[in-house]
1. Name the residue, out of S228, S274, S240, that is more than 24 Å from A111 (Cα to Cα) and surrounded by fewer than 19 Cβ atoms within 10 Å (Cβ to Cβ).
2. State whether one or more residues within the stretch 194-212 are touching a residue at least 12 places away in the same chain (Cβ under 8 Å), part of a loop (DSSP other than H, G, I, E, B) and open to solvent by less than 30 Å² (accessible area, probe 1.4 Å).
3. Taking only the stretch 288-319 into account, find how many residues are farther than 15 Å from G331 by Cα, out of contact with any Lys or Arg (no Cβ under 6 Å at 6 or more places or on another chain) and of a type in the set (A, V, I, L, M).
4. Look through V256, V216 and report the one residue that is in a helix (DSSP H, G or I), over 30 Å from L96 (Cβ atoms) and not polar (S, T, N, Q).
5. Inspect the stretch 188-210 for any residue being closer than 30 Å to R314 by Cα and modelled with pLDDT under 85 and give the result as yes or no.
6. Based on this model, can you work out whether S321 counts as over 19 Å from L229 (Cβ atoms) and among the polar types (S, T, N, Q)?
7. Quick check, is V172 open to solvent by 20 Å² or more (accessible area, probe 1.4 Å), closer than 21 Å to H108 by Cα and touching a strand residue (DSSP E or B) at 6+ places or on another chain (Cβ under 6 Å)?
8. Considering only residues that are exposed (fewer than 13 other Cβ atoms within 10 Å of the Cβ) and touching a helix residue (DSSP H, G or I) at 6+ places or on another chain (Cβ under 7 Å), look in the stretch 280-317 and name the one that is nearest to S240 (Cα to Cα).
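The values are calculated or read from the model by the stated rules, or taken from the named source; none is laboratory data. Everything quoted here is computed from the prediction, not taken from an experiment. Every residue, glycine among them, receives a Cβ derived from its backbone with ideal geometry; neighbour counts consider all protein chains shown. For accessibility, only protein heavy atoms count, side chains too; no ligands or nucleic acids. Shrake-Rupley method; radii C 1.70, N 1.55, O 1.52, S 1.80 Å.
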Amino acid sequence: MTLISAPVYIGGSVALGIPSTLVIPLHSPGAAPFLLLWITCAHGPLSSERVENVSRIAEATVHALETAGLLVSPEWADDHVGRAFATGDLETLDMLLGRAIREGRLQHDDAFVCLALSMPAAIDAESADPATRGRLAALTNRFAEAHPRNRCLIAFSGSVSFALLAPYPRDVHTALPELLATKAADLVFRSRPQGIDVPWLVAASTVVSGRASAAVWQARQSLDLGDSLGWKHQVIRWDSTGHMSGLAAVPTNILVHHFVSPSLKWLLEDESASGLVETLRAYLTTAGNVKQVAADLYLHRATVYHRIRKVEERLGIDLFSGSGRLEAHAGLLAADIVASRLAVGDRRTTPR
């Protein structure tokens, strides 16, 4: 939240044609002023009533600037820190976060959760226009304001922001990352200007004990996977996608030749098999829970079993075994990543 200090009077000189001016310093809690709001008083004496009116004008101006996302807390918003969060450089993160902990800027009880918000869905410092970056900054600051100041650190890099939280022990539970990610997504949804939205992703780590940098790394990897898959307007949690996050870094030619089998390729290309593919995706997402798949797709369980058997016949694998599900899941994700890359003209291959 931006704080507004008492107006500072700067006397003018009528002889020189310089009007009297009031300067209102703006700053974040505990931080030095980062913006000076100048308001000119051209005529008349500076009465207490005029000072009060100026203060009201300053409040209205600050509210408008915050709503537009043009006021950003300077804490941890520099390029160096933002790059460390965005790249997931563990060594640099350990150094920066260790310093923050020693200086008392981050108090913790050995538990950390990190959220990453991308607008648009790409970790590219050059891809975000000023308006989008302003909106991203406003959303991230609004999210951070809901948490104790010494328990939350934020960082920015291009079109991506990070919020590293150190929750109190009473607040730590397995559903915490999902709850925080849902709150962040709700902030994004409610901030849509005139119903117009830009692509966004929210990624959440698990609750990590020990090294805070591991939470940042998980959120960063989840975000990269979502970007590679071309996902938009989604929440991505490490606990459900982490086992496949490494695929996002695999070159396209390796994915095509070593992960997407010919049988899977033909199944995905067969328009008449869309029902089989839909059932396969749901089956893999629920870790083979046929009852849940039937409920999600409004099918009878016998129909789900029939479709799974048909998929097994076409792929030549056992989907009721862990290894079979892993092979199918990896192949589907690889195919999705390849399709997303080709759609945007990204044909990255193994360096030669």
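1. Answer to the check: S274.
2. Yes, the stretch 194-212 contains a residue that is touching a residue at least 12 places away in the same chain (Cβ under 8 Å), part of a loop (DSSP other than H, G, I, E, B) and open to solvent by less than 30 Å² (accessible area, probe 1.4 Å).
3. Residues meeting the conditions: 7.
4. V256
5. no
6. When the stated conditions are applied, S321 passes them.
7. Criteria met by V172.
8. Only one residue fits best here, namely K291.
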